[in-house]
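What follows is a set of notes on a single structure, which appears directly below.
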Amino acid sequence: ELAAWQRPLRADFPIVAANPEQAYLDSAATSQKPRRVLDVVHTYLTTSNANAGRGSYPWANATTAMVTGAAERVREFLGDRSAKAEEGAGAGAGPSSVHFTSGTTEGLRTVARDWLPLLLRDGDEIVVPYGDHRANLDPWLEARDLLGAQGVRIAVRELPCQAGTGDYDARALAALVGPRTRFVAVTHVHHVYGADMNVHRIRDAVGPDVPICLDAAQSVGHQPVSVADLDVDFLVFSGHKALALPGTGAVWARGERGPAFRPGGWAGTPNTAGIASLAAALDWLEAAGVERIARWTAALASVLTDGLSRMPAYEVLGCRSSLAAGTEVQRRGSIVTFRHHGIGSQDLGFILFSHGFMVRSDDHCQAGRDPRDGSVRVSLHVHNTLEEMEKLLTALAKLQ
Ligand code: PMP
């Protein structure tokens, strides 16, 4: 039985409603879209579709205002206290800025290409994660190589995440940060282990002046995220993982500390329909209650991890419970990744699909992982139900 609050929210996902026999358990790869988000896109495209930042006719003006408003919406949703401070500012101006991208990969690449060279001098060091998503490693290595080709030598220090919990090793982090550290890139919630990386502790370790760039692909839309509370300088996320259309995402950048965002926001044609969907998705999430969604998915994830821990054929990767014993690592809940000791992850994925479960099964683009070393990832959102978890556990139990 669905809780009264959840029923209308689940019913608002047309693709979920149309496929009652199937369970979508891959929201960490990309989320499904609520009807309201699709309606906003349809309305935009059928009433005022035009290019942004140009033109002197109503559709163009409406599109420009929509994009500017969506940037403001992102700032508000991310708890940016400077939101609305700059009345009339464009998407690229003000004390903080929002730059729309196609997702987190492009967002991190944008930070690496447009900001990082402005922050670094010859001999500086940067700390980047190793063992997180490749999207949060490759751009920093590429930036190092490009700068190196121009005679600016940058040392990259790799911060490992720990296989047992998924969190960073605090001592390793402290040892990597030195007087020449000018930039730190980390991840908010690990996309395989589901661990919440305790950004406060990272800020404490690096000190107040070093810019921190947070890959928030697995937190925005899944749990409350506040740039003011996290005290980060760049926050990058994927709109398409937060109920907006494919090909959406954003970089939020704190203005006062780092360089102002490079102009050019209006120089190319933005993904206007996608941006409209992102603002609508954030409205939907706020109305649904992000904290409530986080609690719900955490409860479902606990059911799954508890059930799996009673089946010897399976190994759960990363921390197993909502508060892993003896560690500060928190599992906020929307991701559970596991392996079967006898069945390969691809085979397990196919078997699970034959039971109606859509899961991710491969190496999850994790840096440092052998692609053959796969696992099955279940990732949840507000439309997922206890019944789905129970049926999944029944199917998994039969495979022991
Ligand atoms: N970082 C993390 C932590 C992710 O989970 C993902 C998506 N799997 C990405 C980056 C890449 O996001 P996108 O596909 O939107 O570029």
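Once every Cα of segment 39-286 carries one equal point scatterer and solvent is ignored, give the base-10 log of I(q)/I(0) from the Debye formula at q = 0.13, 0.14, 0.16, 0.17 Å⁻¹, two decimals. For segment 39-286 at q = 0.13, 0.14, 0.16, 0.17 Å⁻¹, log10 I(q)/I(0) is -0.78, -0.89, -1.13, -1.25. Over the chain, DSSP H runs of length four or greater, each weighted -39,500 (n - 2.57), average out per residue to a 222 nm ellipticity of -11000 deg cm²/dmol. Computed on the Cα atoms alone, the convex hull of segment 53-183 gives a volume of 151 cubic angstrom per residue. Restriction of the trypsin sites (Lys or Arg not before Pro) in segment 345-399 to DSSP coil positions whose beta-carbon has at most 14 other beta-carbons within 10 angstrom yields Arg372. When the charge dipole of the chain is built from unit charges on Cβ atoms (+1 for Lys and Arg, -1 for Asp and Glu) and taken about the Cα centre, the candidate among Thr64, Ala280, Ser97 whose Cα reaches farthest toward its positive end is Thr64.
Any read-out appearing in this document is the output of simple, stated calculations on the displayed coordinates, not a laboratory observation. Note that this is a predicted model, so its numbers are computed, not measured. Ideal geometry is used to build each Cβ from the backbone, glycine not excepted, and the neighbour counts take in all protein chains shown.
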